Amino acid sequence: MTQFPERVFSGMQPTHTLHLGNYLGAMVNWIAMQETHSCIYCVVDLHAITVFQDPGELVGNIRQVTAAYLACGLDPKRSIIFNQSQVHAHAELAWVFNCVARLGWLNRMTQFKEKAGKDRENASVGLYAYPNLMAADILAYRATHVPVGEDQKQHLELARDIAQKFNNDFAAAIAAHGHGDAFFPLPEPMITGPATRVMSLRDGSKKMSKSDASDLSRINLTDDAEAIAQKFRKARTDPEPLPSETAGLAGRPEADNLVGIYAALAGMTKESVLREFSGAQFSTFKPALSDLAVERLGPIAAEMRRMMDDPGYIDGVLADGAERASAIAVPIMDEVKDVVGLLRTVRAGLPAG
Ligand code: TYM
């Protein structure tokens, strides 16, 4: 089987201010992976427009999410940071994948069903084909590892299915072009840590999400200390004290969620958090949790504000990232064209590409 060098790819949509779910479910792992891997982190603006975005707001959100990436600790020298629309290979490869993926596969996607809701006929075609674009994001770089939250698991499975089908459908051409028995790797989802699914602070059965009408349901990375403390104070809980072991969190989704958030913020396991707070009431645990959150998130918010005052710097990071990303993705996309049989022509006297 063809071996692929390890490479990390992941992305977030610039549709909103990032929240604690994005941070703990994905970003914390993104930062850690910079130490061991070559990483590509994308602001997925083409995904954002699958639902209508006000153009002026979208431009601002792309810069704000980039500022959040940098403020959280992504290093633009070590990692490639860019916005998706600036690297043409994403949209091009997505089209090829629209022709590889099967309708039946997409029909099973739960996130489309949730997002489209009852008014399915009125959802954009882009929203339906969204997971194909996501597969293209990853495979345009032959990325092997994809750190995400739990909610992206099904999309990652689809990306693997698409890679596998492409490798099978075009096996003869892949071999003929010298790519061995696989053109694309099967990317591995990396869903790790104590907070892979951060839940709403108002309802332990719903995921923390940008689309929840209540701002009290989520901690935004831009929230100040007062807002953070107020949101944890108002967070729904049950009347029992904290148990001494994780088994005691079963059937207590709100308690489980807050313990998971604490563990992820402190870099601890849930077990060790419970050893520390065994028997504590929420009146003790919640202030400790908000102090920890303020300590971790306060500097991020401050750094984001500072960066947002310097949009030129942010745009420079994105432009540099797009150039470096294109340098990887364009040659792969050219090879895809060869494998699929899309004749590449070069006008006499002009350079290829
Ligand atoms: P998005 O923008 O919805 O979320 C970005 C990342 O945050 C994670 N996440 C959560 N993790 C834990 N608890 C939560 N409540 C929570 N909410 C969000 C998500 O799992 C994600 O990792 N389709 C993707 C973006 C994307 C992408 C890609 C990801 C586009 N192309 C290629 C990886 C690889 C999305 O909408 O994420």
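The values are calculated or read from the model by the stated rules, or taken from the named source; none is laboratory data. None of the values given here were measured: they were computed from a predicted structure. Cβ: placed from backbone, ideal geometry, glycine included. Neighbour counts: every protein chain shown.
Condition check for Ser272 on (1) without any contact (Cβ under 8 Å) to a residue 60 or more places away in the chain; (2) assigned by TED's automatic domain parsing to the domain that holds His90: one failure, at (2).
Does Lys206 qualify as being among the basic types (Lys, Arg) and in contact with a helix residue (DSSP H, G or I) (Cβ under 6 Å, 6 or more places away or on another chain)? The answer is no for Lys206. Of the candidates Thr50, Thr66, Thr15, Thr2, the single residue that is in contact (Cβ under 8 Å) with a residue 60 or more places away in the chain, of a type outside the set (A, V, I, L, M), more than 13 Å from the ligand (Cβ to nearest atom) and more than 30 Å from Asp181 (Cα to Cα) is Thr66. Can you find a residue in region 187-196 that is outside any loop (DSSP other than H, G, I, E, B), within 14 Å of Leu18 (Cβ to Cβ), touching a strand residue (DSSP E or B) at 6+ places or on another chain (Cβ under 6 Å) and at pLDDT 95 or above? Within region 187-196, none of the residues are outside any loop (DSSP other than H, G, I, E, B), within 14 Å of Leu18 (Cβ to Cβ), touching a strand residue (DSSP E or B) at 6+ places or on another chain (Cβ under 6 Å) and at pLDDT 95 or above.
Inclusion of Lys231 among residues that are within 15 Å of the ligand (Cβ to nearest atom) and either part of a helix (DSSP H, G or I) or at pLDDT below 95 (or both) is warranted. Within region 99-110, count every residue that is within 15 Å of the ligand (Cβ to nearest atom) and not in a loop (DSSP other than H, G, I, E, B). Selection size over region 99-110: 2.
Hey, does region 280-296 have a residue that's in contact with a Pro (Cβ under 8 Å, 6 or more places away or on another chain) and either under 17 Å from Asp223 (Cβ atoms) or part of a loop (DSSP other than H, G, I, E, B) (or both)? Yes - at least one qualifying residue is present in region 280-296. Listed by first and then second residue, the pairs with beta-carbon distance under 8 Å, at least 6 apart or on different chains, first residue in region 166-180 and assigned by TED's automatic domain parsing to the domain that holds Ala136 and modelled with pLDDT of 95 or more, second among the aromatic types (Phe, Trp, Tyr) and assigned to a helix (DSSP H, G or I), are Phe166/Phe97.
Restricted to region 257-285, and to residues there that are of a type in the set (D, E, K, R) and surrounded by fewer than 18 Cβ atoms within 10 Å (Cβ to Cβ), the residue that is nearest to Ile31 (Cα to Cα) is Glu271. Ser205 fulfils the conditions (1) closer than 30 Å to Phe52 by Cβ; (2) within 11 Å of the ligand (Cβ to nearest atom); (3) outside any helix (DSSP H, G or I) except for a single criterion, (2). Among the residues of region 19-47, write down those that are near the ligand (Cβ under 8 Å from one of its atoms) and either farther than 21 Å from Ser211 by Cα or not in a helix (DSSP H, G or I) (or both). Passing the criteria: His19, Cys42, Val44. Could we say that Lys210 is within 10 Å of the ligand (Cβ to nearest atom), at pLDDT below 95, touching a strand residue (DSSP E or B) at 6+ places or on another chain (Cβ under 7 Å) and not assigned by TED's automatic domain parsing to the domain that holds Ala266 here? When the stated conditions are applied, Lys210 passes them.
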